[in-house]
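Each value in this text was obtained by applying a stated rule to the coordinates, not by laboratory testing. Here the structure is a predicted model, which means the values were calculated and not measured. Here the Cβ positions follow ideal geometry from the backbone for every residue, glycine too, while neighbour counts run over all protein chains shown.
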Amino acid sequence: MEGLALVSVDFLMRKGGELKADKNGKLSVILTPIAGNLPSNRVLSGTIAERLKLEVGKLAFVQFTESEANEYGRQFTFQSFGTPTMMEIIGLKKELGAPNIINVTSTPEGEDAFKKIVDETVKEEAVKEEANA
């Protein structure tokens, strides 16, 4: 499986608002689709996000390609085409269509873990919106 998506880049937060760092001390990120399809395996280590030049709080145009599965399940490689301009965003939204997360988990445990991440992210976004209101 492969595809393109316009995504929002945000820090991955655990329960209690704790940020998660990878083994290099870089903060992990979660990609949220704004347009196009994105696999449910959408959390990237901070090191990989830095290499892809993904910036938290900004939009990015990304391509994903499925690679060989491992003991953690299906795996995906991401490539970033950078932060699009406003005109590019309008075109990408028309071209890529509605945002969609494709469930690629292979076990019920994986689905439960994914649901927890989504639930936590939704709660965090609601808290952010309340704070900004």
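List of remarks:
- Nearest-0.05 FRET efficiency for residue 56 and residue 90, computed from C-beta distance (R0 22 Å): 0.45
- ³J(HN,Hα), Karplus 6.51/-1.76/1.60, whole Hz, each residue of region 3-17, x for Gly, Pro: x, 10, 8, 9, 10, 9, 9, 9, 5, 7, 10, 8, 3, x, x
- Where Rh is the Kirkwood radius over Cα pairs, Rg/Rh for the chain: 0.95
- For region 18-28, backbone phi angles converted through the Karplus equation (6.51, -1.76, 1.60; θ = phi - 60°) give residue-by-residue couplings of 6, 7, 10, 9, 7, 5, 9, x, 8, 6, 5 Hz, Gly and Pro being listed as x.
- Loop sites in region 1-89: GluC sites (Glu not before Pro), DSSP, at most 14 other Cβ within 10 Å: 18, 71
- Helical mean residue ellipticity (222 nm; -39500 (n - 2.57) per DSSP H run of 4+; nearest 500) of the chain: -10000 deg cm²/dmol
- Phi angles across region 87-102 convert, under the Karplus curve 6.51 cos²θ - 1.76 cosθ + 1.60 with θ = phi - 60°, into 3J(HN,Hα) values of 5, 5, 4, 4, x, 5, 5, 5, 6, 8, x, 4, x, 8, 9, 8 Hz, Gly and Pro given as x.
- Amide H contacts for residue 75 (H built 1.01 Å from N in the peptide plane; partners 5 or more residues away or on another chain; cut-off under 5 Å): 67, 69, 70.
- Summarising the amide proton neighbourhood of residue 34: residues at separation of 5 or more, or on other chains, whose placed amide H is nearer than 5 Å comprise 6, 7, 8.
- The H on the amide N of residue 28, modeled in the peptide plane, is under 5 Å from the matching H of 12, 20, 21, 22, 46, each at least 5 residues off or on a different chain.
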